[in-house]
1. How about the range 218-260: which of its residues are assigned to a helix (DSSP H, G or I) and hydroxyl-bearing (Ser, Thr, Tyr)?
2. Hey, can you tell me all the residues within the range 33-59 that are among the hydrophobic types (A, V, I, L, M, F, W, C), part of a loop (DSSP other than H, G, I, E, B) and either within 13 Å of ligand 1 (Cβ to nearest atom) or not assigned by TED's automatic domain parsing to the domain that holds residue 189 (or both)?
3. Considering the range 133-163 alone, what residues qualify as being in contact with a helix residue (DSSP H, G or I) (Cβ under 8 Å, 6 or more places away or on another chain), part of a loop (DSSP other than H, G, I, E, B) and either within 16 Å of ligand 1 (Cβ to nearest atom) or open to solvent by less than 30 Å² (accessible area, probe 1.4 Å) (or both)?
4. Can you list residue pairs whose Cβ atoms sit under 9 Å apart, with the first residue in the range 271-297 being farther than 18 Å from residue 320 by Cβ and modelled with pLDDT of 95 or more and the second being of a type in the set (Lys, Arg) and loosely packed, with under 14 Cβ neighbours inside 10 Å? Count only pairs 6 or more apart in sequence or on different chains.
5. Conditions: (1) on the phi > 0 side of the Ramachandran plot; (2) open to solvent by 70 Å² or more (accessible area, probe 1.4 Å). Residue 107 meets all but one. Number of the miss?
6. Just one of 316, 247, 340, 320 is within 28 Å of residue 209 (Cβ to Cβ) and not assigned by TED's automatic domain parsing to the domain that holds residue 41; which is it?
7. Is it true that some residue in the range 123-130 is open to solvent by 70 Å² or more (accessible area, probe 1.4 Å) and among the small types (Gly, Ala, Ser)?
8. Take residues that are open to solvent by 50 Å² or more (accessible area, probe 1.4 Å) and touching a Phe, Trp or Tyr at 6+ places or on another chain (Cβ under 6 Å) and tell me which of the strands (runs of 3 or more DSSP E) falling wholly in the range 285-355 contain 3 or more.
Amino acid sequence: MAKAGPASVEFRNVSMRYGAVTAVDNINFTIEAGKLVTLLGPSGCGKTTTLRMIAGLEIASDGQILIGGKDVTKLSAADRDVSMVFQSYALFPHMSVLDNAAYGPTVKGLGKEQSKQMALEKLALVGLKGFENRYPSELSGGQQQRVAVARALVLEPQVLLFDEPLSNLDAKLRRRVREEIRELQQDLNLTVAYVTHDQEEALAVSDRIIVMSNARIAQEGAPRDLYEQPSNAFVADFIGDANLIDVTVKAVTDDRADVAIGSATVTLPARGIGPGSAKVAIRPEALLLGEPGLGGSLPGTIRKCAYLGNHLDIMVETEVGELFVVQYGGREMLAPGTAVSVSFAKSGVTLIPPA
Ligand SMILES: Nc1ncnc2c1ncn2[C@@H]1O[C@H](COP(=O)(O)OP(=O)(O)O)[C@@H](O)[C@H]1O
Ligand SMILES: [Mg+2]
């Protein structure tokens with residue numbers, strides 16, 4: 001069978017409605033061939049529905065879906081060259097690891113010996129050589145997950161889909177398995193659409209991230225862009241922690257904005273935002289605590305200080321509300337009631353439009 005290699009995926013104005021529920025609302029995106037793109041967002045925002053539309057397990061109510069530049073909008077799952085790794089793995093419990101992995105080619109009618117060879121090759125790739133004759137119930141969660149990956153890879157699909165693939169694993173294993181998936185994707189040059197609600201996982205594995213909220217795309221970009229240049233409050237808050245504060249843009253000159261944060265004034269990239277009300281998203285590590293009375297800072301009072309090993313979590317009461325501050329590097333604990341000044345680091349403070 002001639003293999004097509006990894007393919008791009010493109011959504012053009014795609015919507016999915018179930019009766020009165022709009023699960024996906026007019027979204028547009030492109031996944032380049034050979035890239036790993038993550039759909040990230042809270043439960044119910046439309047991630048699984050989007051993945052199922054790529055697979056052909058749901059047919060879009062509206063819009064166009066292209067795989068490798070070819071319109072597949074109306075094609076069934078069987079006629080698309082796409083495989084999916086499900087959240088539950090969905091292994092066949094009564095079949096051996098080998099038979100699970102050989103399922104795809106067998107169903108395609110490729111013959112027993114050839115199917116077995118293809119399965120053995122992919123099982124070795126995911127580190128399961130020697131486990132061929134076991135049954136799923138005789139494997140750990142991480143091993144079952146790899147069988148599911150081998151089974152999805154066996155026909156070398158143009159696009160591989162993962163729906164929350166780590167949710168059945170414990171925290172330590174999750175980190176390792178996500179790295180394995182990323183390595184495999186890069187080594188084999190796979191096109192992957194990956195779904196998670198976990199922002200750290202998304203930052204760790206992705207070439208690009210599509211942040212979804214309420215059936216729409218809130219922002220799309222490289223991990224670093226989303227963290228450093230969130231374009232709205234939802235993204236600022238969902239990717240990493242952020243203090244979201246109402247501010248006044250006093251003036252804009254050459255795309256630099258003078259912004260009043262309470263009684264302090266900072267100059268920030270304007271990002272197209274004009275004078276008037278706006279918000280800033282401030283990363284907890286971008287708030288610097290110092291002796292009270294520092295010029296250009298906000299006066300504050302320590303409310304809480306918690307020791308978390310490599311950092312302190314601190315709540316500071318200020319005129320613009322309670323601020324969440326993180327300090328790294330073996331700092332002294334600060335007693336509640338201590339007066340401080342709060343100033344702003346050069347990066348980690350971003351102007352965003354008012355909600
Ligand atoms: N088959 C269905 N019938 C009716 N509503 C559905 C169906 N599948 C999903 N939905 C609804 O669509 C929305 C998005 O669901 P889903 O794509 O599963 O979200 P996510 O994967 O981001 O948690 C939810 O409100 C969900 O209840
Ligand atoms: Mg889901």
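1. Here is the first cut: in the range 218-260, the residues assigned to a helix (DSSP H, G or I) are 223-228, 233-238.
Passing the criteria: only 227.
2. Step one: of the range 33-59, the residues among the hydrophobic types (A, V, I, L, M, F, W, C) are 33, 36-37, 39-40, 45, 51, 53-55, 57, 59.
Keeping just the survivors that are part of a loop (DSSP other than H, G, I, E, B) gives 33, 45, 57, 59.
Selection gives 45, 57, 59.
3. Scanning the range 133-163 gives 139, 154.
4. 275/250
5. (1)
6. Working: 316 fails: within 28 Å of residue 209 (Cβ to Cβ); 340 fails: within 28 Å of residue 209 (Cβ to Cβ); 320 fails: within 28 Å of residue 209 (Cβ to Cβ).
Only one candidate passes the filter, namely 247.
7. Let us first name the residues in the range 123-130 that are open to solvent by 70 Å² or more (accessible area, probe 1.4 Å), namely 125, 129.
The next check asks that each one be among the small types (Gly, Ala, Ser); those that pass are none.
No.
8. Details: elements: 287-290, 298-307, 311-318, 321-328, 339-344, 349-352.
Here the list is empty.
The values are calculated or read from the model by the stated rules, or taken from the named source; none is laboratory data. Bear in mind the structure is a predicted one, so any value in this text is a computation, not a measurement. Note: ideal-geometry Cβ built from the backbone for every residue, glycine included; neighbour counts use all protein chains shown. Note: areas computed on protein heavy atoms with side chains; ligands, DNA, RNA excluded. Shrake-Rupley method; radii C 1.70, N 1.55, O 1.52, S 1.80 Å.
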